[in-house]
Ligand SMILES: Cc1cc2nc3c(=O)[nH]c(=O)nc-3n(C[C@H](O)[C@H](O)[C@H](O)COP(=O)(O)OP(=O)(O)OC[C@H]3O[C@@H](n4cnc5c(N)ncnc54)[C@H](O)[C@@H]3O)c2cc1C
């Protein structure tokens, strides 16, 4: 029996392979690079674990909860909230339900007013009631319009939501669809923000280890896709029962003639230091909006495995236009900004690596998630998966991969063998 060929071994391709394998459908997955995971990757440099840009896994992700085995990932939690640098001072905005002792500090933070705190509680109720699917049929707006319409003050939107969701969507303008905002706000409210103890690459590694080794072919780009075969870049032709195109949106539009996908960029500057600049495992935000760093984390405070003993790793993340500034100038202006934030200790920081990801996240303006799941069948025998087909996230990529596999099974006459499980 000819195999189903999966092109691309990111989260979408791996999720597709997982479903096919569970149904005993032979498959071959061709991945252009030397490893699985695509954009979810970790490189070890001098004993430091550098994720390919700052990324996190939300434990409430509905698809990930089923596709991944969380205990084996040894997920380490962030403090539920953020520390915001604004007008020369630090302010804490914490989740009052999970960190009640931080409620006085959150109330005292000079960002927005008491009404904004009350609205936060109302927003939690608004996005958490009902099935998650209901969020994707609401009237679409930009995130900024959504927040203004809900009644938040401009001060709170600019001082807190802008850098916080600028980090989540890599979109400091808050032009992302409110449907995606509502979904992510629910994820923050219903679960933890985590990273695996040994880096984000543990997530694709877990999926890969559950698949037969001989079905995964690395360092092998696919050049052409047909319904019954693919042509590899080295000239070989491989027959296929069906093909699932699980490349990133950019490759898919080039190879399959799909409309182009607009991406958001991010640049992470990794520094090493003996003294962590933050006192707890929290994300720090630029509440002034001056940049270039929008958000900062110290992954080694979340998991000690991210740095050698006695050392710390600092991830300074730039989004929007700041992500496009060349290496020399960006490193200088990051150091200036960090000195304003943390004082003289920054002189001891050593720049370890600058990681640039131009095609980090597909932009999701209003209308993009209409519908939330785009069709998985492109033509007879050709199926399609990727984060640009669903919510732009690890969860969306996993979901689209599973849906593509189910579409293959249905098309193949095997019926819908694996049904989407209801949210727990
Ligand atoms: C810096 C950054 C921060 C992020 N933060 C978060 C976050 O905090 N939380 C979250 O949920 N998501 C986050 N994301 C998004 C998340 O990582 C992606 O949505 C998801 O990993 C996309 O998976 P994918 O399989 O759709 O695509 P990809 O990961 O792009 O996988 C596509 C794969 O196809 C391969 N490929 C391409 N062309 C070919 C070809 N011709 N032949 C063979 N193989 C090919 C590529 O090498 C790649 O491995 C972030 C992404 C980045 C980059």
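The values are calculated or read from the model by the stated rules, or taken from the named source; none is laboratory data. Note that the coordinates shown come from a computational prediction; the quantities given were computed from them, not determined experimentally. Cβ atoms come from the backbone with ideal geometry, glycine included; neighbour counts cover every protein chain shown.
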Matching residues, the range 169-184, being more than 14 Å from the chain's Cα centre (by Cα) and in a helix (DSSP H, G or I): 178, 179, 182
Breaking point among (1) out of contact with any helix residue (DSSP H, G or I) (no Cβ under 7 Å at 6 or more places or on another chain); (2) in the same structural domain as residue 140 (by TED's automatic domain parsing); (3) surrounded by 21 or more Cβ atoms within 10 Å (Cβ to Cβ), for residue 179: (1)
Residue match in the range 367-380 (condition: at pLDDT 95 or above and buried (at least 19 other Cβ atoms within 10 Å of the Cβ)): no
Subset of the range 118-144 [surrounded by 17 or more Cβ atoms within 10 Å (Cβ to Cβ) and out of contact with any strand residue (DSSP E or B) (no Cβ under 8 Å at 6 or more places or on another chain)]: 119, 120, 123, 124, 127, 132, 135, 136, 144
Criterion: crowded, with 21+ Cβ neighbours inside 10 Å and on the phi > 0 side of the Ramachandran plot - qualifying residue of 287, 291: 291
Out of 32, 52, sole residue that is touching a strand residue (DSSP E or B) at 6+ places or on another chain (Cβ under 7 Å) and more than 30 Å from residue 134 (Cβ to Cβ): 52
Given (1) within 25 Å of residue 102 (Cα to Cα); (2) free of Cβ contacts under 8 Å to residues at least 60 places away in the same chain; (3) crowded, with 19+ Cβ neighbours inside 10 Å, index of the condition residue 318 fails: (1)
Single residue of the range 37-55 satisfying the filter (touching a helix residue (DSSP H, G or I) at 6+ places or on another chain (Cβ under 9 Å) and near the ligand (Cβ under 7 Å from one of its atoms)) that is farthest from residue 11 (Cα to Cα): 54
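When you check residue 92 against the structure, is it surrounded by 15 or more Cβ atoms within 10 Å (Cβ to Cβ) and not assigned by TED's automatic domain parsing to the domain that holds residue 383, yes or no?
Yes: the conditions hold for residue 92.
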Residue list for the range 8-27, filter: more than 8 Å from the ligand (Cβ to nearest atom), outside any helix (DSSP H, G or I) and surrounded by 20 or more Cβ atoms within 10 Å (Cβ to Cβ): 25, 27
Residue ranges of strands (runs of 3 or more DSSP E) in the range 202-257 with at least 2 members surrounded by fewer than 17 Cβ atoms within 10 Å (Cβ to Cβ): 222-226, 229-232, 237-239
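Quick test for you: out of 189, 154, 167, pick the one residue that is in the same structural domain as residue 86 (by TED's automatic domain parsing) and in contact with a strand residue (DSSP E or B) (Cβ under 6 Å, 6 or more places away or on another chain).
Selected residue: 167, the only one of 189, 154, 167 that is in the same structural domain as residue 86 (by TED's automatic domain parsing) and in contact with a strand residue (DSSP E or B) (Cβ under 6 Å, 6 or more places away or on another chain).
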Candidate set from the range 341-385 (those that are away from the ligand (no atom under 16 Å from the Cβ) and assigned to a strand (DSSP E or B)); member that is farthest from the chain's Cα centre (by Cα): 379
Qualifying residue in the range 279-299 (condition: part of a strand (DSSP E or B) and more than 23 Å from residue 169 (Cα to Cα)): no
Residue list for the range 258-275, filter: surrounded by fewer than 18 Cβ atoms within 10 Å (Cβ to Cβ) and more than 16 Å from the ligand (Cβ to nearest atom): 259, 274, 275
